[in-house]
1. Which one is modelled with the lowest pLDDT among residues in the range 20-38 that are surrounded by 12 or more Cβ atoms within 10 Å (Cβ to Cβ) and assigned to a loop (DSSP other than H, G, I, E, B)?
2. Tell me, yes or no, whether the range 107-123 has at least one residue that is more than 20 Å from Asp205 (Cβ to Cβ) and without any contact (Cβ under 8 Å) to a residue 60 or more places away in the chain.
3. Show the residue pairs meeting these rules: Cβ distance below 8 Å; 6+ apart or different chains; first residue within the range 92-104 and assigned to a strand (DSSP E or B); second residue of a type in the set (S, T, N, Q).
4. So which of Arg59, Arg80 ends up being over 16 Å from the mean Cα position of the chain (by Cα) and closer than 28 Å to Gly127 by Cα?
5. Quick check on this structure: which one of Val126, Val113, Val77 is at pLDDT 95 or above and within 18 Å of Leu170 (Cα to Cα)?
6. So which residues in the range 46-60 are out of contact with any Gly (no Cβ under 7 Å at 6 or more places or on another chain), under 12 Å from Gly191 (Cα atoms) and outside any loop (DSSP other than H, G, I, E, B), if there are any at all?
7. I'm trying to understand the selection: among the residues of the range 166-201, which are under 17 Å from Arg212 (Cβ atoms) and basic (Lys, Arg)?
8. When you look at Arg73, is it without any contact (Cβ under 8 Å) to a residue 40 or more places away in the chain and surrounded by 15 or more Cβ atoms within 10 Å (Cβ to Cβ), yes or no?
Amino acid sequence: MMARDELPAKAKKTRRTRKLTAALIAAGVCIGPLAAWAQTQIYDSKTHTWVNYDKKKARQYYARNNQAPEAFRMQTVTFRTAEPPGTIIIDGNQHFLYLVQPGGQAIRYGIGVGREGFGWAGIVRVGRMAEWPTWTPPAEMVARDPNAAKWAAGMPGGPENPLGARALYLYEGDQDTIYRIHGTAEPWTIGLDVSSGCIRMNNNDITDLASRIKIGAKVIVLMQGAALYKGV
């Protein structure tokens, strides 16, 4: 079984709601786009309340502090699971990525969840990793976005590259799933649902994560609407 680190009562209520959502899905009940249920909130230690965290507030916070809110910064948390150390578990609802550690702990990182990551769930593995990877926009993006069109043949790696400092390419068996865990040129988007990309992390965090794992590492991605309320 897997337990979330201790959360206030409102977070527990949210977790129960998501548990019900997952049960409805399992029962075949249509509940509409799951991404619409997601609302990022952060805990305000001064007022002891949960407050909504949207794109405007994220930009303002990052402009003032040059970093994400404390909840989305890399930290070690209590985390019980049957999965072995080195496993990556992604909870897109809460915008966290966990790297399982020995002794009932995990390193928790904040993430942004891109449109390509919505509704995706499964068990995959890290098939390869790249440092400052080349970004090649998909054909649909090239067709609609002049800025993307100029990089149709590939944008070299660098600070402005949407894939950031590292990319972990996720495979199912020997097949590239097209899903990625990658860095970002927009660090203020950590903790948010964003318009493009898969699972994004700030560049320092993705560099740290890449240094700790090996090719072949197991990656568990939880479905939208499901939270870490039970074992995986």
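1. Going through the qualifying residues, I end up with Ile31.
2. No, the conditions are met nowhere in the range 107-123.
3. Going by the 8 Å Cβ cut-off, the qualifying pairs are Leu99/Thr87; Val100/Thr81; Val100/Thr87; Gln101/Thr76.
4. Step by step, each of Arg59, Arg80 is checked, and only Arg80 is over 16 Å from the mean Cα position of the chain (by Cα) and closer than 28 Å to Gly127 by Cα.
5. Val126
6. If the condition is that a residue be out of contact with any Gly (no Cβ under 7 Å at 6 or more places or on another chain), under 12 Å from Gly191 (Cα atoms) and outside any loop (DSSP other than H, G, I, E, B), then Asn52, Lys55, Lys57, Arg59 are the ones that fit.
7. Once the filter is applied, which keeps residues that are under 17 Å from Arg212 (Cβ atoms) and basic (Lys, Arg), the range 166-201 yields only Arg166.
8. yes
The values are calculated or read from the model by the stated rules, or taken from the named source; none is laboratory data. These numbers come from a predicted model, not from an experiment. Every residue, glycine among them, receives a Cβ derived from its backbone with ideal geometry; neighbour counts consider all protein chains shown.
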